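S.K.: A single structure is presented below for examination.
Since every read-out is calculated from the coordinates, none of them should be taken as a lab result. Just so we're clear, the structure is a prediction, and the values are computed from it rather than from any experiment. Virtual Cβ from ideal backbone geometry, glycine too; neighbours counted across all protein chains shown.
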Amino acid sequence: MKVCCVIVTYSNRFSLVSRVLDVLLHQPVDKVIIVDNGSKEKSANALRDYCAQHQRLELVRFSVNAGSAVAFKTGIKEAINAGSDFIWLLDDDNLPAPNALEELIKLCNQKASAQDFDFCLSSFRKDRYDFYESFVKNGPYSILPPKNNFMGFHIKDISRKILNRVRRSKSKKTGGLQKIINTPVKIIAAPYGGLFIPATTAHKMKLPDVDYTLYMDDFDFTIDFSLKGGDIWVVPSSNISDIELSYYLPERKSLLYHSAIDGKNESLVYYSFRNIIWFSKRYLLDTPVIYYINKILFIIYISALATIRWKFKRLMTLYRAMHHGERGYLGVKEEYPLP
C-alpha cells in the first residue's frame, strides 16, 4: 500500500513547510510531492536543499505562482502517475498529529473491506470552526457558507454576529466540543488540507478547476465529487493543526472588523470574495429572493463600513469582485497579481 502526500507551498514559507515535512517524515508516507508554486528565491533554495537530503521527497517547481488549483491539480496527477494507492493533500501549514495518517488508513481499510466505493476521507481541522459545525449540526452542507448567502453574508446570522462583537470575545469557540466528537461524519465538500483520496477514487474525480485561481477551488473540486454520488467523511481521530491562521479568522473581532476590509491585500480579497460568490450561485442558491435581500443588505453594510474607515480602494476591489463573481468571470486578473 503506497501513500503519497501532496503539499503546495508558495512565496516565502519555507519555515512553515519544513515543519510539516519534519513531521511527515516520521509518518508512514512513501512519497511526498512538494509543488513549489513560485516561492521567493531564498525559500526556494532552502526547500531545494531540504529535498536533496531526503529520498522520499520530490520537488515540482513553478517559476511563478500559478494558483492553488493548478498546483494541486499538478500534484494529484503526479501522485497518480507515481502509482500511489492513496493520496493525502496538505497545505504547507497543516501540521498532522503523530497518528493522523494511521487513523485515515485504518478507516480506509474498513470501508474497503465493507466494499464501500467512491469515497474520500478528511482529517479533522481542529482550528476550523466549520469542521465543528459539521459535527454539531450533523448536516453535510454545514461545512459550507449558508445557502443563499452573498459573499458569505446571510441575514439570519446578523443577531448572532452582533452579539459576538459586543461581547468582544472569540466568536467561534471550539473548546470542549472535541469530547463529544468520536465518530466520522459525512460532509458535502472539503478543503484540500487533510483530504485523503484512494487512487481508485482519484481516477474518477474531476480535477480542480484552474479558473478559480485561489480560494473555493477545493470546495468546487470536492462538491462535484459528492454531487456525482461520492462520499466524503471527516475523521475526528485524524487531527491537523494550522500553524498559521487564515486572515479571516482573527482572535478577536471589533465592531468595525470585516475580512473584506481587513484582508491583507487587494488580490487576496478580490479572489476570495469573487470566488465565493460564483461558487454560492452555482451550488447554494435555491431561493433567489433571500439571495437578493442578502446582496442588498451586504452592499449597504460594506459600503458604509468602508466609508467610515476611509477604505475606498478596497471598496472598489469588492465591487469588482461582486461584478465578476456574479457573472463567472474567473481566472487570473492582471490587476490582481498572485502572491
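S.K.: Using the structure shown, list the pairs from Lys111/Lys333; Lys2/Lys137; Lys31/Lys126; Lys77/Lys311; Lys111/Lys156 with a Cα-Cα distance above 31 Å, or answer none.
M.R.: Values: Lys111/Lys333 43 Å; Lys2/Lys137 35 Å; Lys31/Lys126 25 Å; Lys77/Lys311 42 Å; Lys111/Lys156 38 Å.
Among Lys111/Lys333; Lys2/Lys137; Lys31/Lys126; Lys77/Lys311; Lys111/Lys156, the Cα-Cα distance tops 31 Å for Lys111/Lys333; Lys2/Lys137; Lys77/Lys311; Lys111/Lys156.
S.K.: Treating only the Cβ atoms of Lys and Arg (+1) and Asp and Glu (-1) as charged, compute the dipole magnitude of the chain about its Cα centre; round to the nearest 20 debye.
M.R.: Working: 46 positive and 35 negative charges, 299 e Å.
Value, rounded to 20: 1440 debye.
S.K.: State the percent of C-alpha pairs, over all pairs in the stretch 34-143, separated by a distance greater than 23 angstrom. Write down the numbers at each step before the final one.
M.R.: On the way: 2712 of 5995 pairs.
That fraction is 45 percent.
S.K.: Give the percent of DSSP beta bridges with both residues in the chain that are antiparallel, rounded to the nearest 5.
M.R.: Details: 12 of 38 bridges.
The antiparallel fraction comes to roughly 30 percent.
S.K.: If you build a Gaussian network model of the chain, linking Cα atoms that sit under 10 Å apart, which residue out of Met216, Met316, Met151 swings the most?
M.R.: Fluctuation is largest for Met316.
S.K.: Counting only other residues whose beta carbon sits under 12 Å from that of Leu57, what net charge do I get with K and R as +1, D and E as -1?
M.R.: Working: positive: Lys31, Arg48, Arg56; negative: Asp22, Asp30, Asp36, Asp49, Glu58.
Local net charge: -2.
S.K.: How much length would be gained if the chain were fully extended between Ile243 and Arg282, taking 0.36 nm per residue of separation minus their Cα-Cα distance, in nm to one decimal?
M.R.: Numbers: separation 39, 0.36 × 39 = 14.04 nm, distance 3.17 nm.
Taking Ile243 through Arg282 to full extension adds about 10.9 nm, to one decimal.
S.K.: Suppose only helical runs count, i.e. DSSP H with n ≥ 4. What mean residue ellipticity at 222 nm does that imply for the chain under -39500 (n - 2.57) per run, divided by all residues and rounded to the nearest 500 deg cm²/dmol? The partial results should precede the final answer.
M.R.: Values: 12 runs with 143 residues, N = 339.
Calculated mean residue ellipticity at 222 nm is -13000 deg cm²/dmol.
S.K.: Next up: Just to check, using Stokes-Einstein with a Kirkwood Rh over alpha carbon pairs, what's the diffusion coefficient of the chain at 37 °C and 0.692 mPa s in µm²/s? Please report the intermediate quantities before stating the final value.
M.R.: Working: Rh = 20.8 Å.
Translational diffusion coefficient: 158 µm²/s.
S.K.: Going out from 0 in 10 Å bins, what whole percent of all Cα-Cα distances in the stretch 79-119 drops into each bin?
M.R.: Histogram of Cα-Cα distances, whole percents per bin: 22, 46, 30, 2.
S.K.: Okay, moving on. If each of Gln53 and Ile308 carries a label point 7 Å out from its Cα toward its Cβ, how far apart are those two points in nm?
M.R.: 5.1 nm
S.K.: Calculate one ³J(HN,Hα) per residue across the stretch 233-240 by plugging θ = phi - 60° into the Karplus curve 6.51 cos²θ - 1.76 cosθ + 1.60, and present them in order as whole Hz with x for glycine and proline.
M.R.: My calculation for the stretch 233-240 gives 10, 7, 10, x, 7, 9, 9, 10 Hz in order.
S.K.: Show me the ranking of peptides 5-11, 297-303 by mean Cβ neighbours inside 10 Å, starting with the highest. Please report the intermediate quantities before stating the final value.
M.R.: Values: 5-11: 24.3, 297-303: 15.9.
So the order, starting with the most tightly packed, is 5-11, 297-303.
S.K.: Using a Gaussian network model on the chain with a 10 Å cutoff between Cα atoms, which of Asp22, Asp218, Asp118 fluctuates the most?
M.R.: Among Asp22, Asp218, Asp118, the largest mean-square fluctuation in the Gaussian network model of the chain belongs to Asp22.
S.K.: Distance from a point 7 Å along Cα→Cβ of Lys2 to each backbone N in the stretch 193-233: keep the residues under 17 Å and list them by number.
M.R.: Output list for this probe position: 197-203.
S.K.: Identify which of Pro28, Pro288, Pro236 has the largest mean-square fluctuation in a Gaussian network model of the chain, with springs joining Cα atoms closer than 10 Å.
M.R.: Pro288
S.K.: May I have the convex hull volume per residue, in Å³, for the Cα set of the stretch 8-92? Provide the component values of the computation, followed by the final result.
M.R.: On the way: hull volume 7.0 nm³, N = 85.
Hull volume normalised by residue count: 82 Å³.
S.K.: Still on this model: Given q = 0.16, 0.21 Å⁻¹, what are the Debye log10 I(q)/I(0) values for the stretch 253-336, with equal point scatterers placed on the Cα positions and solvent ignored?
M.R.: -0.63, -1.04
S.K.: Once the piece of chain linking Ser15 and Lys111 is laid out straight, how much longer is it, given 0.36 nm per residue of separation minus the C-alpha distance between them? Mind dumping the intermediate values first?
M.R.: On the way: separation 96, 0.36 × 96 = 34.56 nm, distance 3.65 nm.
So the extension gain works out to 30.9 nm.
S.K.: Picking from Leu107, Ala97, Gly67, whose Cα lies most toward the positive end of the charge dipole for the stretch 1-119 (charges on Cβ: Lys, Arg +1; Asp, Glu -1)?
M.R.: After comparing all options, I get Gly67.
S.K.: Only Lys, Arg, Asp and Glu count, each charged at its Cβ (+1, +1, -1, -1), so figure out the dipole size of the stretch 245-339 about its Cα centre, rounded to 20 debye.
M.R.: Working: 14 positive and 7 negative charges, 25 e Å.
Here the size comes out at about 120 debye.
S.K.: Report the extension gain between Tyr319 and Arg61 in nm, rounded to one decimal, defined as 0.36 nm multiplied by the number of residues separating them, less their alpha carbon distance.
M.R.: Here the answer is 89.4 nm.
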